[in-house]
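K.L.:
I have a structure here, written as structure tokens, and I will follow up with some questions on it.
Bear in mind that the values in this text are calculations on the coordinates, not laboratory data. Fair warning: this is a prediction, and the values are worked out from it, not measured in the lab. Cβ placement follows ideal geometry from the backbone for every residue including glycine, while neighbour counts extend to all protein chains displayed.
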Amino acid sequence: MNTIDTTAGAVAERADDQEVGLTFPPSFVIGSATAAYQIEGAVDADGRGPSIWDTFSAKPGAITNGDTGEIADDHYHRVEADLDLMASLGLDAYRFSISWPRIQASGSGPANERGLDFYSRLVDGLIARGIRPIATLYHWDLPQALEDRGGWTNRETAYRFAEYAEIVGTALGDRVPVWTTLNEPWCSAFLGYGSGAHAPGRTDPDAALRAAHHLNLAHGLAVAALRRVVPADAEVSVTLNFHVLRGADASSPEARRRIDALANRSFTGPMLHGVYPEDLLQDTADVTDWSFVLPGDLEIIHQPLDFLGVNYYSTATVRMWDGVSVRQRADGHKDVGGSPWPGSEHVEFLVQDPPYTAMGWNIAPDGLEELLLSLTREFPALPLMITENGAAFADEIVGGRVRDVARLDYLRRHFAAAHRAIERGVDLRGYLVWSLLDNFEWGYGYTKRFGIVHVDYETQERTVKDSGRWLARLIEGRSIPH
Ligand code: IFM
């Protein structure tokens with residue numbers, strides 16, 4: 001069994017001035033990322049069908065302030081101006097997601113050409129500006145019609161996803177060189193069907209594990225579907241959000257093992273080793289019998305990948321709950337009552353040491369370095385790409401400028417951590433900052449700003465923050481600036 005090795009003290013403290021001037025090779029891809037539901041708006045445009053996030057965000061109390069993605073950044077209508085903005089920052093690459101209900105309104109059947117046309121124009125616009133398109137097929141906006149038939153708890157959804165992957169791959173494969181099947185399937189399964197903090201808002205432990213398996217299956221089927229239709233030199237990957245775990249006392253190794261199994265190895269196991277971890281099956285034996293894993297599934301899921309997408313934001317400290325201490329649910333995910341940890345609800349997440357971002361997430365760049373090294377140890381032949389890293393802060397726009405010193409500092413320290421990982425032998429191919437634009441932060445609505453570009457939601461005016469200017473200088477000089 002391999003666990004993510006986050007041994008405290010494995011990484012030395014380094015002063016900020018040592019970070020400035022570190023250089024990245026020209027081949028290292030530096031860019032930014034977004035997701036369809038978080039920025040596009042235009043939920044009824046051009047034949048798009050409803051997604052689970054439209055339904056969920058309409059539920060009273062589900063999202064802070066009753067926010068929805070109905071308008072978001074209105075990117076759908078402002079795509080040309082947003083492309084110019086990306087060009088002005090000099091991005092090497094832009095990672096976007098494709099909205100499944102724009103391509104198939106009810107999740108199956110023939111493609112909606114108007115939906116495909118939007119992404120075709122986006123991709124052409126990127127290429128025309130010298131920006132490499134990185135397309136994610138699924139960033140959480142499942143067609144509602146599929147959820148009405150069970151969503152990710154229904155095996156059929158995986159097969160519908162493969163058909164959708166083939167449609168999109170056929171339409172855009174001649175121009176998109178890099179593909180990601182799923183973004184953070186842990187969130188889709190365990191927040192969507194376990195804790196209920198995300199759409200569709202279900203709170204059923206068995207459903208969460210069932211959903212995880214069907215997401216794994218969907219990934220495997222989609223990789224195979226893409227390989228059939230995209231050019232042989234296109235790269236295919238998946239993006240996982242790794243939980244980097246630290247301990248607090250003698251019970252922590254057991255707590256870390258349990259959460260690592262649920263959060264990390266329930267995906268890396270089948271996808272990259274072709275097997276579910278034995279301890280995961282045992283830990284969840286009271287919740288489900290895993291009979292939804294059919295013969296042949298693991299072979300389908302275990303597909304060769306060209307790189308692994310890594311999303312990293314912070315660390316978590318865990319121990320077994322002694323039933324006496326005041327219980328903390330500080331796992332960084334919105335607490336709406338249900339549990340995202342089926343079979344391991346007795347693991348306690350402790351409040352982390354400061355500093356924090358506006359999400360309440362601790363800032364720990366050494367966790368990124370540790371994670372990259374740990375993944376390289378476990379999967380030595382698999383290149384890595386940071387497909388998301390960034391921070392929310394309460395930005396203020398003053399005199400037309402956003403001096404987001406804290407975000408800039410966060411990014412500088414994380415880029416330096418990535419650099420250290422490369423120096424220590426990690427085959428890291430790139431780094432995409434989350435996010436290009438302030439956007440709809442799921443359960444938190446518009447209250448959390450992650451962008452390197454500020455968005456005024458009243459006027460839709462975009463203002464590049466100081467962190468955005470800093471990133472542009474980094475890309476131009478290939479070296480970490482002040
Ligand atoms: O905004 C999200 C994104 O959609 C997925 N990864 C984490 C980000 C910040 O919470």
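K.L.:
For Cα pairs less than 8 Å apart in space and 6+ apart in sequence, what is the mean separation divided by the residue count of the chain, i.e. the relative contact order in percent?
P.N.:
19 percent
K.L.:
Taking R0 as 35 Å, what's the FRET efficiency between R473 and A128 from their Cβ-Cβ distance, rounded to 0.05?
P.N.:
0.90
K.L.:
Could you pull the Rg and Dmax for the chain, using just the Cα atoms, both in Å?
P.N.:
So, for the chain, Rg and Dmax equal 20.8, 62 Å respectively.
K.L.:
Please list 3J(HN,Hα) in residue order for the stretch 338-346, calculated via the Karplus relation 6.51 cos²θ - 1.76 cosθ + 1.60 where θ = phi - 60°; whole Hz, with x for glycine and proline.
P.N.:
Residue by residue, the stretch 338-346 yields x, 10, x, 10, x, x, 10, 5, 8 Hz.
K.L.:
Can you sort I98, I259, I300 so the residue with the fewest Cβ neighbours within 10 Å comes first?
P.N.:
Ascending number of Cβ neighbours within 10 Å: I300, I259, I98.
K.L.:
Another question, if that's okay. Using 0.36 nm times the number of residues separating R327 and D427, minus their current alpha carbon distance, what extension gain do you get?
P.N.:
Result: 32.0 nm gained on full extension.
K.L.:
Still on this structure, please answer the following. Quick one: 3J(HN,Hα) in Hz for the stretch 299-305, Karplus 6.51/-1.76/1.60 with θ = phi - 60°, rounded, Gly and Pro as x.
P.N.:
5, 5, 5, 7, 9, x, 10
K.L.:
Right, something else. Each residue of the stretch 326-336 in order: what ³J(HN,Hα) in whole Hz does its phi give by Karplus 6.51 cos²θ - 1.76 cosθ + 1.60, θ = phi - 60°, with x for Gly and Pro?
P.N.:
5, 5, 10, 10, 9, 8, x, 10, 4, 8, 10
K.L.:
Now for a separate question. Please report, in debye to the nearest 20, how large the charge dipole of the chain is about its Cα centre when each Lys and Arg carries +1 at its beta carbon and each Asp and Glu carries -1 there.
P.N.:
Dipole about the Cα centre, nearest 20: 500 debye.
K.L.:
Express as a percent, rounded to the nearest 5, the fraction of DSSP beta bridges in the chain (both residues included) that run antiparallel.
P.N.:
20 percent
K.L.:
Sort H75, H419 so that the residue with the fewest other Cβ atoms within 10 Å of its own Cβ comes first and the one with the most comes last.
P.N.:
Least to most surrounded, the residues fall as H419, H75.
K.L.:
Based on C-alpha coordinates, I'd like the Rg and Dmax of the stretch 354-420, in Å.
P.N.:
Spelled out, the Cα radius of gyration and Dmax of the stretch 354-420 are 14.6, 49 Å.
K.L.:
Can you give me the Rg/Rh ratio for the stretch 246-358, using Cα atoms for both radii and the Kirkwood formula for Rh?
P.N.:
1.01
K.L.:
Over the stretch 347-482, what number does the Rg to Rh ratio reach, with both radii from the alpha-carbon atoms and Rh per Kirkwood?
P.N.:
So for the stretch 347-482, dividing Rg by the Kirkwood Rh gives 1.00.
K.L.:
Also, quick follow-up: For K59, list the lysines whose Cα falls under 27 Å from its own Cα; do not include residues on the same chain fewer than 8 positions away.
P.N.:
Reachable lysines: K334, K448.
K.L.:
Here's a follow-up. Please list the non-local residues whose amide H lies under 5 Å from the amide H of S51, H modeled 1.01 Å from N, same-chain partners needing a gap of 5 or more.
P.N.:
Amide H to amide H, under 5 Å and 5 or more residues apart or across chains, S51 pairs with Q144.
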